[in-house]
Structure formats: C-alpha cells, structure tokens
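The values are calculated or read from the model by the stated rules, or taken from the named source; none is laboratory data. If you're wondering where the values come from, they're calculated on a predicted model, not measured in any experiment. Here Cβ is always computed from backbone atoms with ideal geometry, including for glycine, and neighbour counts include all displayed protein chains. Remember, those area values only see protein heavy atoms, side chains included, never the ligands or the DNA or RNA. Shrake-Rupley method; radii C 1.70, N 1.55, O 1.52, S 1.80 Å.
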Amino acid sequence: MVASRYNARYVDEMLRAAEGALKSARADSIKVVRVPGAFEIPVVAARLARANAPPLSAIVCLGVILRGETTHAQNIAEAVSQALAQIQIQTGIPIVHEVLLLENRHQAEVRCLGSEHNRGAEAAQTALEMKRVIESLGR
C-alpha cells in the first residue's frame, strides 16, 4: 500500500481499515510505504510494481485531496489518476485507486472515518478481488 501523509486524519483511518481487511482475509504480506502527498503516490507505486521480488498481487493507493479555491486539487487528482492507470496497464499489476478528490471535510469524514463506509476497507476488498481475477487468467 502507498499512503499519503497529507490529510493524515483521513488517510490514516483508510489505511487502518485497509490493513484490517487484508489481515482478516489472511493476506500473505502487507507492505506500507508512506509518502508526503498524493502527487508522490504514483512514483512509489511504479517502483513497487516494477520490482520483481516478490511479485505483488496488487497495490492499494490511499490519499485525500480536498478541493480548494483554485484548480490545484483538480490538477493533482487528474495527474495521479492518469499515472496510476498507466502503471497498471504497463506492468499488469492491479492498482487500486483510492486517492479521493473531495469537496470538503464532511465528505472526507463520511468516506474515511465511518465504520460502515470506509474507502480503505473497500480498497482492500478490491485488491483481494483483483488478485483472484488476475490469478484466474493465468500468467
């Protein structure tokens, strides 16, 4: 997993929920790499995806971008989305994209802090499902 430190209150809870879901599913191993912000997530995801040992089943990317008064947040979100899509296409490693662009803190609280609806847990479930899908296709 690659998780941003920026907006840590929200990302830390998504990370906690993701780790919990993976541990409950008895994932073979979980590696967490923290990066300063959302924009730094793709370079680390790319590095992990290209590493050959051990081969990864999926990479979960977690971050929260809160929209401000300028287009900066939108630009960051679009760049991250495009980069993560390219990484998974180029490497064949599923990239679970939970770098959220949100309008305000209330949206972040609902998606990241809630026990019923936590995007981190959902990301982990997606990673587990993608592992099964890729394995069913053979190598």
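Observations on the structure shown:
- Radius ratio Rg over Rh of region 87-139, counting only Cα atoms, Kirkwood formula for Rh: 1.11
- Counting only GluC sites (Glu not before Pro) that DSSP places in a loop and that have at most 15 other Cβ atoms within 10 Å, the longest clean stretch of the chain runs over 1-68.
- Cα-based shape type of region 42-117, given that a ≥ b ≥ c are square roots of the gyration tensor eigenvalues and the cut on a/c is 1.5: oblate
- Three principal axis extents of the chain based on alpha-carbon atoms, in descending order, are 46, 31, 22 Å.
- In region 1-86, the trypsin sites (Lys or Arg not before Pro) that fall in loop regions by DSSP, at most 14 other Cβ within 10 Å: Arg5, Arg26, Lys31
- Across the chain, the mean sequence separation of Cα contacts (distance under 8 Å, 6 or more residues apart), normalised by length, yields a relative contact order of 32 percent.
- Accessible area, probe 1.4 Å, largest first, for residues Thr126, Thr71: Thr71, Thr126
- Calculated from backbone phi, Karplus (6.51, -1.76, 1.60) coupling profile of region 122-137 in Hz, x at Gly/Pro: 5, 5, 5, 5, 5, 4, 5, 5, 5, 4, 5, 4, 4, 4, 5, 7
- The P(r) of region 21-76 has a tail past 13 Å containing 68 percent of all C-alpha pairs.
- Using the Cβ-Cβ distance between Thr70 and Arg16 with R0 set to 30 Å, the FRET efficiency from 1/(1 + (r/R0)^6) comes to roughly 0.45.
- Over the chain, DSSP H runs of length four or greater, each weighted -39,500 (n - 2.57), average out per residue to a 222 nm ellipticity of -16000 deg cm²/dmol.
- Separation of alpha-carbon centers, region 123-137 and region 1-46, rounded to whole Å: 17 Å
- Theoretical gain in end-to-end length, Arg34 to Glu78 [0.36 nm per residue, Cα-Cα removed]: 13.8 nm
- Axis of helix 72-91 versus longest Cα principal axis of the chain: the two differ by about 0°, to the nearest ten degrees.
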